[in-house]
Each structure stands twice: as C-alpha cells, then as structure tokens.
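Student: Dropping a structure here in structure tokens format, bear with me for questions.
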Amino acid sequence: MVEAALLFGSLIVFIFLGVPIGIAIGLATLFNLTFISDLNPIIITQNAFAGIDSFPLLAIPFFILAGTVMQTGGIARRLLNLGSALIGTVTGGLAMITVITSMFFAALSGSALATVSAVGSFMIPDMKEKGYDESFAAAITAAAGTIGVIIPPSIPFVIYGVVTGTSVGDLFLAGIFPGILIGIGLMITSYVISKKRGYVGQEINVSFNKVMKALFDAKWAIMVPLIILGGIYAGIFTPTEAAVVASVYSILISAFVYHELTLNSLYKAFLEAFMVNGIIVFIVGLSTSFASYLSMQQIPIKMSEALLTLTSNKFIILALTNAILLLVGCFVDNIPATIILSPIFLPIVTKFGITPIQFGIIITYNLAIGFITPPYGQNLFVASAIGGVSIGKIFRGIIPFLFSMIIILMLLTFVPWFSVGILRLLQ
C-alpha cells in the first residue's frame with residue numbers, strides 16, 4: 001500500500017504542477033520504478049508499445065475522423081434541424097433541441113468534445129440571441145455533450161473493452177438506453193428551469209409535413225448508427241471495421257449527397273483527427289505502462305482487499321466506488337482513468353454481482369461527469385470558448401444538470417436493468 005500511495009501521490013503532484021496528463025502518468029511510473037522498485041525502467045516503453053499494438057484501438061482514429069467530417073460536412077446541421085422540427089416549440093425548446101441533437105450526434109461521433117463543439121457552435125449563439133441566459137446555454141450544451149461517450153459508438157467503451165477483454169459490441173448495445181435516459185433527465189431539468197425563467201419555444205408552425213421533411217433530409221445521417229450497430233450484430237464487420245465504414249460513409253455523404261465537404265475541409269478534418277488521435281495514443285501507451293506496473297506489484301489485489309476489509313455491504317462498496325470515480329474524473333481524463341482504474345475496481349464489483357458490461361457503463365458515466373466538473377472539465381472549456389462565458393458562470397449554471405446526472409448514475413449503479421436491460425432482452 002505504501003507503493004500505491006507513492007505512485008498515486010506522485011501522479012497527483014505532477015498533475016497539480018501542470019504537467020500534461022500523459023507525461024505525468026509516465027513520470028509517476030518512472031519515479032516508482034527508479035526509487036521504489038527493482039524493476040528495469042525499460043518496461044515503460046515496452047508496455048507502452050504493447051498497449052497501443054491493438055487492432056480494436058484502430059477504431060478510435062476512424063470514429064474521430066467520422067465525427068470531424070460530420071461536423072463540417074452538413075450532417076450535424078441537418079440533425080439540428082430535425083431536433084428543431086420535433087421539439088422546438090415547447091417551453092425551453094432550444095435547450096431541448098440541444099439535448100436531442102447531442103444525442104443524435106453522439107450516435108455518430110463517439111466523442112464528448114466533438115459533440116459539444118459541433119452542437120455548441122450552432123446552439124449556444126442561437127440560445128443567447130433568443131434571450132436565454134448565457135450561462136444556461138453553455139451549461140446545457142456542456143452537460144448534453146457527456147452523452148457522446150455513452151450512446152454508441154463510444155471511444156471510452158473501446159478503451160474499456162480492450163483493457164478488460166469485454167465485448168465492445170455488447171458495450172455499444174448496452175449504452176443505448178443509458179444514453180437515452182441521460183438525455184431525458186437533462187430535458188426534464190431544462191424544462192423545469194425554462195418554465196421558471198420564461199424561456200419560450202420557437203415561434204414556428206410545426207406540421208407533420210415539416211417533421212417528415214426534416215426527417216427525410218437527415219435520413220443519411222441517421223443511417224450511420226444503424227449501419228454501425230446493425231453491421232456489428234449481423235456479423236458483417238467488427239467494431240473497428242465499423243469505424244472505418246462510418247468514416248468512408250460520412251465522407252461520401254458529405255461530399256456527394258450534401259455537397260458541403262470540400263477538399264480543404266476534408267484536409268482539416270483529417271488533420272484534426274490525426275492530432276487528437278496522437279494525443280490519445282500517447283496517453284493510452286503510458287497509461288498502459290502505469291497499469292502494468294500496478295499489476296506487476298499486485299497493487300489492485302491489495303487495494304481490493306483493503307477496501308473489502310472496510311465493509312462487505314454491496315451498496316456501500318458501490319457508493320464508495322462511485323465517489324472515488326467521480327473524484328478522479330475531476331482531475332484525470334477518462335481514457336487514462338479507465339485504463340488505470342478498471343483493473344482495480346472490476347474485481348471488487350464483480351464479487352457483488354456487477355457484470356463487466358454494467359461496470360463499463362458505470363465507470364464511463366462516472367468519468368463522463370468529470371467532463372463538466374472543475375478543474376479538468378473539458379466540456380466546460382469548449383463551451384466557454386464557443387459561448388464566450390467564464391468557467392465560473394457555466395459551472396453555476398450546470399449545477400442543476402449535475403444533480404440530474406447524479407440521480408441517473410444511482411439508477412445505473414443500483415438498478416441493473418437500466419444499465420444492461422437491452423442486452424438482457426436480446427440475449
């Protein structure tokens with residue numbers, strides 16, 4: 001336990017010193033290898049390369065590319081128009097559109113940041129123009145962006161599946177209902193706040209014909225998640241191959257159907273995908289070294305035993321697990337946190353009847369909440385940059401949504417049907 005304290009303590013120190021998360025993880029591992037262990041530090045590079053030498057991880061750059069192409073190729077805007085036609089006239093309609101569009105876009109990109117960026121660039125200025133408080137507009141956009149890592153395809157699900165040996169396809173399928181549940185919770189919260197503040201819906205004439213026209217216009221975008229999940233479960237392709245199909249499909253639709261993707265915008269989409277993937281691969285590699293050191297020193301086993309000596313009550317253990325994951329999510333990105341913490345907590349929760357699929361939902365959602373909590377909340381920074389709103393104002397506006405998300409987290413944790421119900425029905 002002394003080793004664990006020094007390892008995590010040094011990591012926390014490096015993070016608070018402002019060292020980038022990937023480098024901080026590598027330095028913490030090197031610190032323990034040099035001063036605490038007699039293991040050769042070369043295992044850092046060996047395990048880092050072994051960690052990224054994985055076929056399933058190839059899904060990540062292609063899902064990122066698909067998201068960037070959809071953002072610039074007209075797909076995101078058509079999804080927004082569909083959301084507007086469906087629910088734009090109700091109280092708080094623009095906030096509701098933001099949530100629904102985020103749910104649609106989440107089913108295309110697999111990324112929280114891509115969802116906030118794509119949807120926020122349209123919706124935050126529109127809400128501000130229509131009289132919505134700027135902190136509310138930025139807050140609902142940031143909160144809705146968390147759905148991007150729950151509704152399939154999900155990049156964190158790919159990471160979790162690789163680390164734990166869990167079926168990525170099953171994780172994708174299980175994530176559908178929790179993602180919808182989160183969206184419903186955010187829309188209810190938006191409605192209550194909008195009713196109180198007098199945020200009226202859009203003054204447009206909604207008819208069946210207009211809804212069908214918007215649906216028809218967005219049909220090619222809606223086909224993406226159907227192709228991905230349908231192809232995986234029909235055995236046509238793997239999740240990694242599905243990511244490639246999604247990328248090619250997005251390029252073809254944006255360029256030859258919507259005619260909005262130029263060579264210049266395609267180049268920028270590839271460049272952004274390369275840069276984001278480079279960061280992720282760097283973090284994944286060093287996080288794998290960190291996790292490998294934990295395993296070699298049997299730290300997960302020792303920490304599990306220590307936690308179980310505190311109590312054998314299932315509900316207390318699960319509540320403690322959530323509390324720890326929520327705290328970690330405030331400071332550490334979800335990808336390294338998933339790689340490091342999954343081997344520690346999965347053996348504990350499985351002793352209480354939690355399946356690897358359900359825990360994949362739980363850990364991903366816990367860490368997704370970290371996207372909207374300081375000091376690390378990435379969604380807050382993106383929404384702040386788009387809306388020109390300070391982080392402090394956004395966080396004050398996001399508190400009601402945070403409470404809503406915590407309630408949903410409790411349901412996903414303590415009522416397994418909410419987490420794996422779809423999977424059980426289909427099996």
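The values are calculated or read from the model by the stated rules, or taken from the named source; none is laboratory data. Just so you know, these numbers come straight off a predicted model, no measurement behind them. Here the Cβ is made from the backbone with ideal geometry for all residues, glycine too, and neighbour counts use every protein chain on show. Accessible surface areas use protein heavy atoms only, side chains included; no ligands, DNA or RNA. Shrake-Rupley method; radii C 1.70, N 1.55, O 1.52, S 1.80 Å.
Student: Work out the FRET efficiency for I23 and Q46 from their Cβ-Cβ distance, taking R0 = 25 Å, and round it to the nearest 0.05. Walk me through the intermediate numbers first.
Tutor: Working: r = 18 Å, r/R0 = 0.73.
Efficiency computed from Cβ-Cβ geometry: 0.85.
Student: Next up: Could you compute the net charge surrounding Y258? Neighbours are other residues with a C-beta less than 15 Å from the C-beta of Y258; K and R count +1, D and E count -1.
Tutor: Once all neighbours under 15 Å are counted, the net charge is +1.
Student: OK, next. Note down the nm distance, to one decimal, between modelled labels 7 Å out along Cα→Cβ at I279 and at S390.
Tutor: Once both label points are built, they end up 2.5 nm from each other.
Student: Still on this structure: Using R₀ = 45 Å, calculate the FRET efficiency as 1/(1 + (r/R₀)^6) where r is the Cβ-Cβ separation of L215 and L320; round to 0.05.
Tutor: 0.50
Student: If you roll a 1.4 Å probe over the range 216-307 with all protein chains in place, what percent of the accessible area is carbon or sulfur?
Tutor: Values: 3430 of 4610 Å².
Reported share for carbon and sulfur atoms: 74 percent.
Student: With respect to the cross-link table entries K128/K195; K314/K351; K130/K213, which display a Cα-Cα separation exceeding 20 Å?
Tutor: The pairs that break the limit, which is 20 Å between Cα atoms, are K130/K213.
Student: Turning to a different aspect of this structure: What's the local net charge at F122, with K and R +1, D and E -1, over the other residues with C-beta under 15 Å away?
Tutor: That sum, taken over residues with Cβ under 15 Å, equals +1.
Student: Mind putting a number on the dipole of the range 136-228 about its Cα centre? Charges go on the C-beta only, +1 for Lys and Arg and -1 for Asp and Glu, and I need it in Debye to the nearest 20.
Tutor: Taking the Cα centre of the range 136-228 as origin, the dipole is about 360 debye.
Student: Output the 0 to 90 degree angle, nearest 10, between the alpha-carbon long axis of helix 134-145 and the longest principal axis computed from the alpha carbons of the chain.
Tutor: Tilt relative to the chain: about 60 degrees.
Student: Something else now. What net charge is computed for the residues neighbouring N81, neighbours being all others with C-beta under 14 Å from the C-beta of N81, Lys and Arg scored +1, Asp and Glu -1? Before the final figure, lay out the partial values.
Tutor: Numbers: positive: R77, R78, K210, K213, K219; negative: D126, D217, E260.
In short, +2.
Student: Moving on. Nearest 10 degrees, 0 to 90: what angle lies between the long axis of helix 208-217 and the longest principal axis of the chain (Cα atoms)?
Tutor: 50 degrees
Student: Counting only heavy atoms of the protein chains, get the accessible area per residue of the range 240-280 (1.4 Å probe) and round it to a whole Å² value.
Tutor: Result: 56 Å² per residue.
Student: Using +1 at the Cβ of each Lys and Arg and -1 at the Cβ of each Asp and Glu in the chain, identify which of G83, M103, L308 lies farthest towards the dipole's positive end.
Tutor: Result: G83, furthest along the dipole toward the positive end.
Student: Under a point-charge model restricted to the Cβ atoms of Lys and Arg (+1) and Asp and Glu (-1), what is the dipole moment magnitude of the chain relative to its Cα centre, in debye to the nearest 20?
Tutor: Working: 17 positive and 15 negative charges, 201 e Å.
Value, rounded to 20: 960 debye.
Student: Shifting gears a bit: Efficiency by 1/(1 + (r/R0)^6): what FRET value for T309 and S54, r their Cβ-Cβ distance, R0 = 25 Å, to the nearest 0.05?
Tutor: Calculated transfer efficiency: 0.10.
Student: Rolling a 1.4 Å sphere over the protein heavy atoms, what is the accessible area per residue of the range 1-139, to the nearest Å²?
Tutor: For the range 1-139, the solvent-accessible area averages 37 Å² per residue.
Student: Same structure, new question: How much of the accessible area of the range 1-153, probe 1.4 Å, is carbon plus sulfur, in whole percent?
Tutor: 68 percent
Student: Additional query: So which trypsin sites (Lys or Arg not before Pro) in the range 343-427 end up in coil per DSSP with only 14 or fewer other C-beta atoms within 10 Å? The partial results should precede the final answer.
Tutor: Working: sites: K351, K393, R396, R424; in loops: K351.
Those that pass, being in a loop and sparsely packed, are K351.
Student: Between V200 and residues 5 or more places away or on another chain, which pairs have amide H atoms under 5 Å apart, with H built 1.01 Å from N, and which residues are they?
Tutor: Here the answer is G92, since their amide H atoms fall under 5 Å of that of V200.
Student: Additional query: With contacts defined as alpha carbon pairs under 8 Å and 6 or more residues apart, what's the relative contact order of the chain in percent?
Tutor: In percent, rounded to a whole number, it is 26.
Student: Quick check: the angle from helix 263-296's long axis to the longest principal axis of the chain, C-alpha only, nearest 10 degrees?
Tutor: In the chain, helix 263-296 runs at an angle near 30 degrees to the longest axis.
Student: Related question: About its Cα centre, how strong a charge dipole does the range 74-219 have in debye, to the nearest 20, once Lys and Arg get +1 and Asp and Glu get -1 at the Cβ?
Tutor: The calculation lands at about 280 debye.
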